[in-house]
Amino acid sequence: MYNCTKEFKMQDKVIGYIGLGTMGSAMAGHLLSSGFPLVVWNRTASKAQALLEKGAIWAESPAVLAAQCDVVFINVSDTKDVLEVIFGENGVAQGIRPGTILIDNSTIAPTGSREIDERLAPMGVRCLDAPVSGGDIGARNATLTIIVGGDEATLEEVRPYLNVLGKKITHVGGSGAGQIAKAANQIMVAAQMVAEAELMIFAQKAGADPAKVVEAINAGAAQCWTLDVKAPKLLNGEREPGFKATLQAKDMNIAVETARAYHMNLPATALHTQLYNGMVAIGEGNLDNSAIISMIEVMNGEKLKTKESD
């Protein structure tokens, strides 16, 4: 394993990236290939190897990484994971310097983002919650939508780095607002995934070819990214992620918990959350979020016919 021993030039802004899963590894790779000095850390060290071979520097802990970086990105699974990597043993907070900017690309509860900001601000650290949308394809192609909460002037300072990662960067408000917008995004994503599943099973069981039905309606008012991208994969028998159903379920539970905190009633969101929780419960959480169709198949006794099954 490579050690964090490289000396950077004084004028270099050193970037740190924590969390090298499917999304994070691609995003960190774009920062590195754009010429930014990059330090990385991941719980499973082997996932950093490809980046290290291209010139990234390994840090032995989040604290070590933060101690030499001017901008720290985080991209891990859930609220508790982000809090642990920041405030846990050898966490970011133990090494971070005043003036550092922390950008959280994870999708977490808005309350989590606000807690991070409140705890790090007295240390002179500026925080942005900057969840992303666009999935693994967007991460690989650097076409992500990045939704940012926090100080707008801070966003402008780090926009050159975000421009490397995405095609649209939108400031939506103060701390936590990015996570609220991401939860809203996931409400729509889930609705589209469930509707796609229902319409294909509906069409097939009622006697129409679901592939032709998708082609027909996707030329009209029903057109959407989900039918463009996900429907062809399902019809080809492809249900591997993509974006895992476990993460979709996690995001939906964040939306439901946030709605409950503000005394909101979101009946469709609650139903879609239960469908994804059910998918995880039956052991299909590692499939793509579009594989929610399996729940609709079971409830209707109808398996979607694919090119593989023809």
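The values are calculated or read from the model by the stated rules, or taken from the named source; none is laboratory data. Keep in mind that what you see is a predicted model, and the values were worked out from it rather than measured. Positions of Cβ are backbone-derived with ideal geometry, glycine not excepted, and every protein chain shown enters the neighbour counts. The accessibility values were calculated without ligands, DNA or RNA, using every heavy atom of the protein model including side chains. Shrake-Rupley method; radii C 1.70, N 1.55, O 1.52, S 1.80 Å.
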Practice problem: Report the residue count in the range 180-209 for those that are out of contact with any helix residue (DSSP H, G or I) (no Cβ under 8 Å at 6 or more places or on another chain), over 16 Å from LEU227 (Cα atoms) and either small (Gly, Ala, Ser) or open to solvent by 50 Å² or more (accessible area, probe 1.4 Å) (or both). | Solution: 4
Quiz item: Considering the range 123-162 alone, what residues qualify as being of a type outside the set (Val, Ile, Thr), touching a residue at least 24 places away in the same chain (Cβ under 8 Å), open to solvent by 10 Å² or more (accessible area, probe 1.4 Å) and over 16 Å from VAL71 (Cα atoms)?
Solution: SER133, GLY134, GLY135, ASP136, ARG140, ALA142
Quiz prompt | Tabulated pairs, the range 110-122, first within 18 Å of VAL172 (Cα to Cα), second open to solvent by 50 Å² or more (accessible area, probe 1.4 Å), C-beta under 7 angstrom, 6+ apart or interchain | solution = PRO110/ILE180
Quiz item: Failed condition for GLN94, given (1) within 21 Å of LEU31 (Cβ to Cβ); (2) without any contact (Cβ under 8 Å) to a residue 60 or more places away in the chain; (3) of a type outside the set (Lys, Arg); (4) surrounded by fewer than 17 Cβ atoms within 10 Å (Cβ to Cβ), with all others met?
Solution: (1)
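One line per residue, one yes/no per condition, for (1) polar (S, T, N, Q); (2) modelled with pLDDT under 95; (3) closer than 23 Å to LEU120 by Cα:
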| residue | (1), (2), (3) |
| --- | --- |
| VAL158 | no, no, yes |
| TYR161 | no, no, yes |
| GLY166 | no, no, no |
| HIS171 | no, no, yes |
| ASN185 | yes, no, no |
Quiz item: Mind checking which pairs have a first residue in the range 224-253 that is closer than 17 Å to VAL194 by Cβ and a second that is open to solvent by less than 20 Å² (accessible area, probe 1.4 Å) and aromatic (Phe, Trp, Tyr), Cβ under 8 Å, 6 or more apart or different chains?
Solution: ALA245/TYR276; GLN248/TYR276; ALA249/TYR276; MET252/TYR276
Self-check item: Scope the range 163-179; condition surrounded by fewer than 21 Cβ atoms within 10 Å (Cβ to Cβ), assigned to a helix (DSSP H, G or I) and of a type in the set (A, V, I, L, M); matching residues
Solution: VAL164, ALA177
Quiz prompt | Matching option when the condition is open to solvent by 10 Å² or more (accessible area, probe 1.4 Å), at pLDDT 95 or above and of a type in the set (A, V, I, L, M), among ALA270, ALA255 | solution = ALA270
Quiz prompt | Number of positions in the range 30-51 that are farther than 26 Å from PHE87 by Cα and either open to solvent by less than 20 Å² (accessible area, probe 1.4 Å) or without any contact (Cβ under 8 Å) to a residue 40 or more places away in the chain (or both) | solution = 4
Quiz item: Can you tell me which residue in the range 71-85 is surrounded by the fewest Cβ atoms within 10 Å (Cβ to Cβ), limited to those that are more than 15 Å from SER25 (Cα to Cα) and touching a strand residue (DSSP E or B) at 6+ places or on another chain (Cβ under 7 Å)?
Solution: VAL71
Quiz item: Can you name the condition, by its number, that ASP228 falls short on among (1) at pLDDT 95 or above; (2) open to solvent by less than 50 Å² (accessible area, probe 1.4 Å); (3) not hydrophobic (A, V, I, L, M, F, W, C)?
Solution: (2)
